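Before any comments, here is the structure.
Every read-out reported here was derived from the displayed coordinates using simple, explicitly stated rules and does not represent laboratory data. Please read all numbers here as calculations on a predicted model, not as lab measurements. Virtual Cβ from ideal backbone geometry, glycine too; neighbours counted across all protein chains shown.
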């Protein structure tokens, strides 16, 4: 198993760092960087949902927290010391930088906040939810309501968050000009490296004692409680870890795309994250990554050809895959393997 895992990571590195930059144009490579950010979110959902049974329909909140934390720092860097970001001057509602913007001028604080801020929010929310033994559909609804509340908050604070437009026209990334294709490739390589590193970390977590305990909580929470473990703590760790991964994805999404807005973090994006994980195979390590990239790629290509019908195609794709392959696309290999009598194996 270790050799197979090492070979898989080596193949992934070759594809991401060798093949993709060689065969894709700068535009297509930037799109792939965007898709890989969604894959980072999917890895966390795979851990929380696939292993822990936590249907997280609000990951857009943590994605947005990481994205806004990074964008705030980059906007301050673009504006220069002592100046307001361009959108604050445009709307004319502020004469000075808000106090809660000021710490983000520090790059160390901003980088830490992209991951720690989503994790702290998840810790506070998860502690309240799991200790009250909220689970199943109720947990999913609460997480989705959080995403809706986050969007309303951002839109209502136009002078400090950019409102509906969000934070746009981000030009630099820690001193590097994002209009330069070379720097855009650098951002892609950073995202690809983070994805491989995160996959290795999550794989280690899944195969640890904690990973086994997380699966046990998913399958029989009461039995785990009778054995002396606290299921709330087990689920909380997975939820907080998934939030940190989403925050990291949001932070990397900003230099890759140059924008973060409420439209990218609301209910619909959160559901699309889950759809990608379900299509890829939520119970596997690589399935959520492949599913997230596939759904994002299909959305880009099919929405160009069928702009009015894409949402229906997405829904049909989700229904078909779940009906035919309950284990996602990752279970397709097992279905294709035939028994000696020529019958398909059951997944």
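Residue 186 passes all but one of (1) in contact (Cβ under 8 Å) with a residue 24 or more places away in the chain; (2) under 30 Å from residue 19 (Cβ atoms); (3) touching a strand residue (DSSP E or B) at 6+ places or on another chain (Cβ under 8 Å); which number fails?
Against the list (1) in contact (Cβ under 8 Å) with a residue 24 or more places away in the chain; (2) under 30 Å from residue 19 (Cβ atoms); (3) touching a strand residue (DSSP E or B) at 6+ places or on another chain (Cβ under 8 Å), residue 186 comes up short only on (1).
Go through 260, 279 for me and flag whichever is surrounded by 24 or more Cβ atoms within 10 Å (Cβ to Cβ) and free of Cβ contacts under 8 Å to residues at least 60 places away in the same chain. Please lay out each step first, then the result.
On the way: 260 fails: free of Cβ contacts under 8 Å to residues at least 60 places away in the same chain.
Only one candidate qualifies: 279.
So that you can scan it fast, the table gives a plain yes or no per residue for (1) surrounded by 24 or more Cβ atoms within 10 Å (Cβ to Cβ); (2) in a helix (DSSP H, G or I):
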| site | (1), (2) |
| --- | --- |
| 29 | no, yes |
| 45 | yes, yes |
| 48 | yes, yes |
| 55 | no, no |
| 63 | yes, yes |
| 68 | yes, yes |
| 82 | no, no |
| 89 | no, yes |
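Restricting to region 17-27, and then to whatever is in a helix (DSSP H, G or I) and touching a helix residue (DSSP H, G or I) at 6+ places or on another chain (Cβ under 7 Å), can you tell me which residue is surrounded by the most Cβ atoms within 10 Å (Cβ to Cβ)? Quick ask: steps written out before the conclusion?
Initial filter on region 17-27 (in a helix (DSSP H, G or I)): 17-23, 26-27.
If we keep only those that are touching a helix residue (DSSP H, G or I) at 6+ places or on another chain (Cβ under 7 Å) too, we end up with 17, 20-21, 26.
On the way: 17: 15, 20: 17, 21: 15, 26: 13.
Checking each candidate, the answer is 20.
Those residues that are under 18 Å from the mean Cα position of the chain (by Cα) and crowded, with 19+ Cβ neighbours inside 10 Å, I need them from region 169-193; list them, please. Walk me through how you get there before you give the answer.
First pass over region 169-193, keeping only residues under 18 Å from the mean Cα position of the chain (by Cα): 187-193.
Within region 169-193, 187, 188, 191, 192 qualify.
For residues that are surrounded by fewer than 18 Cβ atoms within 10 Å (Cβ to Cβ) and assigned to a loop (DSSP other than H, G, I, E, B), tally how many sit in region 91-105. Give the derivation first.
Just the residues of region 91-105 that are surrounded by fewer than 18 Cβ atoms within 10 Å (Cβ to Cβ), to begin with: 91-96, 98-100, 102-103, 105.
Imposing the further condition that a residue be assigned to a loop (DSSP other than H, G, I, E, B) reduces the set to 92-96, 98-100.
Of the residues in that region, 8 qualify.
Condition first: more than 22 Å from the chain's Cα centre (by Cα) and touching a residue at least 24 places away in the same chain (Cβ under 8 Å). Can you find one or more residues in region 140-152 that meet it?
Of region 140-152, the ones more than 22 Å from the chain's Cα centre (by Cα) are none.
No, region 140-152 contains no residue that is more than 22 Å from the chain's Cα centre (by Cα) and touching a residue at least 24 places away in the same chain (Cβ under 8 Å).
Does region 30-40 contain at least one residue that is under 20 Å from the mean Cα position of the chain (by Cα) and closer than 20 Å to residue 120 by Cβ?
In the first step, residues of region 30-40 are kept if they are under 20 Å from the mean Cα position of the chain (by Cα); the result is 30-40.
Within this subset, residues satisfying the condition of being closer than 20 Å to residue 120 by Cβ are 40.
Within region 30-40, one or more residues are under 20 Å from the mean Cα position of the chain (by Cα) and closer than 20 Å to residue 120 by Cβ.
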